[in-house]
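Okay, structure first, notes after.
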């Protein structure tokens, strides 16, 4: 933990001034989820505004990944409402696809497609979901690969890249769909310490451009630098929700205090 | 051994490996005589080769009869068959072995399709040839139609040829290739169905797979040729070959389904999620992401099923279709050529082996080509 903290704290200048819009792009109202009889998410209420950057933290098993996976329907919720970009999630496959088109997601284990080259990974969805012609899709792909600083890897296969590079490709792949919202599910947890920074740098850049982001992470340095709001979850509930300075310096709830004292102790 | 030299830290160059690791001697030492047990097995293998290979070569080549147009060269002093291969037998029966009783004047129809097939296949296999997509498309769609009209005839001024005249290697290839080409897509659909969340679809697929896997191919063929017509109303009759084709195809697609399912199960959940998160719907996700990986992983199993199917076509002999092997048996029961069945079988073995080995080699080539380092 200490390694990753060190890498996160010497990130670039604070970017707190980035503006947050009025428009609500994600809304969770009284959302519940069960795995069988196990109640994983209990009465989740959350509003995310356009351009907001939210960091979700909490002990493992607290439901934070499950919550963001509900937003693009990788997990189904059983009660309450999820409204993304004005569309309410239901069993309607069309609506699910519509939402997934607008919501990018990065996973802990990247989930790149190992049988396709990096370029093919990037152009697949734009070409076959958005019907963009190949030439244009490749141009966009190169643009984003350049932005995540690995344009020279375009023709390689995912298996030939380091973890950090793969995660940057995964971010670029999501961006190629020009999403309105990005979800990050522990994007740095599977990386070696020296690769965490390169991924966080890309994420910070993205935040600076005003991308709406929800990020499940243990990178507290990242949370301090980038987030507008930090959400602490435990036992399937949102325990505390505050702006980062308040959250870290003055946690209200005792479970938050315990959690922070444990992860910042060393 | 060169003397030990001292290098400065960080300056140590890569030195060549010692002589015992490289070259023929190095290889033999490592692989043939590395331990007493290894040495023992090496010697045992040499002894077995000595026991088996010379008599085999003698039977197949050195003592065999090679030239001649009738059976006289294949007879010993007493008039019985010689104790070695009789290749004139194969030569004399070559046309029936290859094409069965297909009318000799119409053989060009088959040969033309062989040439078309061969050219298209070569174009697909040789990496330098362009327009691969079109060759593949040709093989998949127009080619079977062309074949059908050419083989059956009865239209375009071609003579009608009944399917019971089809035979030999030609018939074997018709059955095997139809079975191979049809069983893969059916197998994929069955595999997807078996993993479906929809209970009815799943139940139907499971029932289908377990039914066909649970019965021997011989009984499938018997059913198709003997019992199936009994269920049909008077006057309705399907061609015997067609029934066998359907039987073989459904039988092997059940096996194929299980092979493909194995591949599907090996695809990590993250691949599905990655595809879904990008907005790919089920069909696109399966087509672009899941199936290519799953099928690649089970190439050995798929080719295994193909090879099995290719050899199982010999079973159609039991319902009276004269495939390659049945034709060879028929040839050797000809009064002029009694006693040369072994030669016929040796020839059959050689031909089957060539086809199966070819498939095996191509599958390994595919595996190497599709390997992307993960």
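The values are calculated or read from the model by the stated rules, or taken from the named source; none is laboratory data. In this text, all values refer to a predicted model and were calculated from it rather than measured experimentally. Counting neighbours? That spans all protein chains shown, and the Cβs are built from the backbone with ideal geometry, glycine included.
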inquiry  = Please count how many residues of the stretch B:71-96 are under 21 Å from residue B:167 (Cβ atoms) and assigned to a loop (DSSP other than H, G, I, E, B).
reply    = 1
query = Do we find a residue being over 30 Å from residue B:289 (Cα atoms), touching a residue at least 24 places away in the same chain (Cβ under 8 Å) and exposed (fewer than 14 other Cβ atoms within 10 Å of the Cβ) anywhere in the stretch B:242-260?
reply = yes
query = With respect to residue B:300, is the statement that it is assigned to a helix (DSSP H, G or I), touching a helix residue (DSSP H, G or I) at 6+ places or on another chain (Cβ under 9 Å), at pLDDT below 95 and within 14 Å of chain A (Cβ to nearest Cβ) true?
reply = no
query = If you take the residues of the stretch A:120-139 that are touching a residue at least 24 places away in the same chain (Cβ under 8 Å), under 21 Å from residue B:291 (Cα atoms) and part of a helix (DSSP H, G or I), which of them is nearest to the other protein chains (Cβ to nearest Cβ)?
reply = A:125
task = Can you tell me which residue among B:102, B:160 is exposed (fewer than 13 other Cβ atoms within 10 Å of the Cβ) and part of a loop (DSSP other than H, G, I, E, B)?
result = B:160
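Looking at this structure, is residue B:349 surrounded by fewer than 17 Cβ atoms within 10 Å (Cβ to Cβ), without any contact (Cβ under 8 Å) to a residue 40 or more places away in the chain and within 14 Å of chain A (Cβ to nearest Cβ)?
In short, no.
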task = Determine whether residue A:150 is closer than 18 Å to residue B:372 by Cβ, more than 11 Å from chain B (Cβ to nearest Cβ) and surrounded by 18 or more Cβ atoms within 10 Å (Cβ to Cβ).
result = yes
task = Could you list all residues from the stretch A:97-119 that are touching a strand residue (DSSP E or B) at 6+ places or on another chain (Cβ under 9 Å) and either within 16 Å of residue A:180 (Cα to Cα) or more than 12 Å from every other protein chain (Cβ to nearest Cβ) (or both)?
result = A:98, A:99, A:102, A:103, A:104, A:105, A:106
request  = Taking residue A:56 as the residue in question, decide whether it is at pLDDT 90 or above, away from every other protein chain (no Cβ under 14 Å) and within 28 Å of residue A:209 (Cβ to Cβ).
outcome  = yes
key: Count of the stretch B:151-180 residues which are over 24 Å from residue B:347 (Cα atoms) and without any contact (Cβ under 8 Å) to a residue 60 or more places away in the chain   = 12
ask   = Which of (1) in contact with a helix residue (DSSP H, G or I) (Cβ under 7 Å, 6 or more places away or on another chain); (2) surrounded by fewer than 18 Cβ atoms within 10 Å (Cβ to Cβ); (3) modelled with pLDDT of 90 or more; (4) in a helix (DSSP H, G or I) is the odd one out, the single condition residue B:267 does not satisfy?
value = (4)
request  = Looking for whichever is at pLDDT 80 or above and surrounded by 11 or more Cβ atoms within 10 Å (Cβ to Cβ) here; the options are B:15, B:32, B:21. Which one fits?
outcome  = B:32
key: Restricting the stretch B:328-346 to residues that are surrounded by fewer than 14 Cβ atoms within 10 Å (Cβ to Cβ) and out of contact with any strand residue (DSSP E or B) (no Cβ under 9 Å at 6 or more places or on another chain), the residue that is nearest to the other protein chains (Cβ to nearest Cβ)   = B:333
